[in-house]
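**Q** First the structure, which I've put down as structure tokens, then a few questions once you've had a look.
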Amino acid sequence: MDYRKLFAQVRRTPEMFGVQNSFRSFCAFLHGVDAGNDWQFFVGFREFLVIRAGFGANLAWPGLR
């Protein structure tokens, strides 16, 4: 699956994918994508965000915005 295309479609027409216009709803969608990939889709993503943000080593990735 081409996730770049999927995420671009979700960004253009979120209601088509059941995503409301909120950060929380989009995070729920992304958790579903991760679950569908045996929880391997975001391996290393949280660590990347912690380094980029410079804080939050104790937070889940949605808390690092």
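**Q** May I ask you to verify whether PHE23 is within 16 Å of PRO62 (Cβ to Cβ), touching a helix residue (DSSP H, G or I) at 6+ places or on another chain (Cβ under 8 Å) and among the aromatic types (Phe, Trp, Tyr)?
**A** Judged against the criteria, PHE23 is a match.
**Q** Same structure again: Pairs under 8 Å by beta carbon, first residue touching a residue at least 24 places away in the same chain (Cβ under 8 Å) in segment 11-33, partner loosely packed, with under 14 Cβ neighbours inside 10 Å and aromatic (Phe, Trp, Tyr), six or more apart or different chains?
**A** Close Cβ pairs (under 8 Å, with a partner that is loosely packed, with under 14 Cβ neighbours inside 10 Å and aromatic (Phe, Trp, Tyr)) amount to VAL33/TYR3.
**Q** Name the residues in segment 1-27 that are within 11 Å of the chain's Cα centre (by Cα) and either exposed (fewer than 11 other Cβ atoms within 10 Å of the Cβ) or not hydrophobic (A, V, I, L, M, F, W, C) (or both), would you?
**A** Let us first name the residues in segment 1-27 that are within 11 Å of the chain's Cα centre (by Cα), namely 7, 23-27.
Within segment 1-27, PHE23, ARG24, SER25 meet the criteria.
**Q** Is it fair to say LEU30 is at negative phi and surrounded by 14 or more Cβ atoms within 10 Å (Cβ to Cβ)?
**A** Against the criterion (at negative phi and surrounded by 14 or more Cβ atoms within 10 Å (Cβ to Cβ)), LEU30 qualifies.
**Q** Pick from ARG65, ARG46: which is touching a Phe, Trp or Tyr at 6+ places or on another chain (Cβ under 9 Å), in a helix (DSSP H, G or I) and of a type in the set (Lys, Arg)?
**A** ARG46
Laboratory data are not the source of any read-out in this text; all were calculated from the coordinates shown. Not measured: the values here are computed from a predicted model. Don't worry about glycine lacking a Cβ; one is built from the backbone with ideal geometry, like all the others, and counts go over all protein chains shown.
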